[in-house]
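**Q** My structure is below; once you've seen it, I'll send some questions.
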Amino acid sequence: MNDSSQDRVGSEGRRGFLSRSWKLVAGLVLATGAFVGYKMITRTQLVRKKVVLDANALATIEEQGVVLDNDVVYVAESGELRVFSRVCTHLGCKVELRDGDLVCPCHGSRFDLRGAPENGPATAPLNSIEVQGQVGGDRWVEFDVEG
Ligand code: FES
């Protein structure tokens, strides 16, 4: 092989490398763009929700002890009103009331009526939601839900 053929092979090698590098960069840019686009489309938005607890609602919670609505759990115990998110802290299913405990139907986590985990796989308590307003007057809770 003479010098000119070696130059040609070296030049084609560099061209091939540059061509492959360009394709790799273009592929990475396209993949990143597709990922960002997918995330933007599938992004869930949180919506602030306010639930006013009028005298009838408070009486029902007091009478039943535990009331579940679509998003939260109301617990009335010894004159105290506690509210928790129904979203299980393991992977986000909604807990249900079973045998006096809050149980997640997806993987079986069990929470007590203070929201503390009794059985996993969840290890974190249910998210507590502050009850606002005056005892004996209007009360309400505000929390974020996926919209
Ligand atoms: S999502 Fe509740 S235990 Fe897994």
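The values are calculated or read from the model by the stated rules, or taken from the named source; none is laboratory data. Keep in mind that this is a model prediction, so the values were computed, not measured. FYI the Cβ positions are ideal-geometry reconstructions off the backbone, even for glycines, and counts take in every protein chain you see.
**Q** Can THR60 be described as among the β-branched types (Val, Ile, Thr) and within 14 Å of the ligand (Cβ to nearest atom)?
**A** When the stated conditions are applied, THR60 does not pass them.
**Q** Somewhere in region 71-79, is a residue within 16 Å of the ligand (Cβ to nearest atom) and surrounded by fewer than 13 Cβ atoms within 10 Å (Cβ to Cβ)?
**A** No, every residue in region 71-79 fails to be within 16 Å of the ligand (Cβ to nearest atom) and surrounded by fewer than 13 Cβ atoms within 10 Å (Cβ to Cβ).
**Q** If you don't mind, another one. I'm trying to understand the selection: among the residues of region 80-101, which are within 20 Å of GLU146 (Cβ to Cβ) and either more than 10 Å from the ligand (Cβ to nearest atom) or touching a Gly at 6+ places or on another chain (Cβ under 7 Å) (or both)?
**A** Matches in region 80-101: VAL83, PHE84, SER85, ARG86, GLU96.
**Q** Would you check if LEU113 is within 13 Å of the ligand (Cβ to nearest atom) and either within 20 Å of VAL131 (Cα to Cα) or at pLDDT below 95 (or both)? Working first, answer last.
**A** Details: within 13 Å of the ligand (Cβ to nearest atom): no; either within 20 Å of VAL131 (Cα to Cα) or at pLDDT below 95 (or both): yes.
Against the criterion (within 13 Å of the ligand (Cβ to nearest atom) and either within 20 Å of VAL131 (Cα to Cα) or at pLDDT below 95 (or both)), LEU113 does not qualify.
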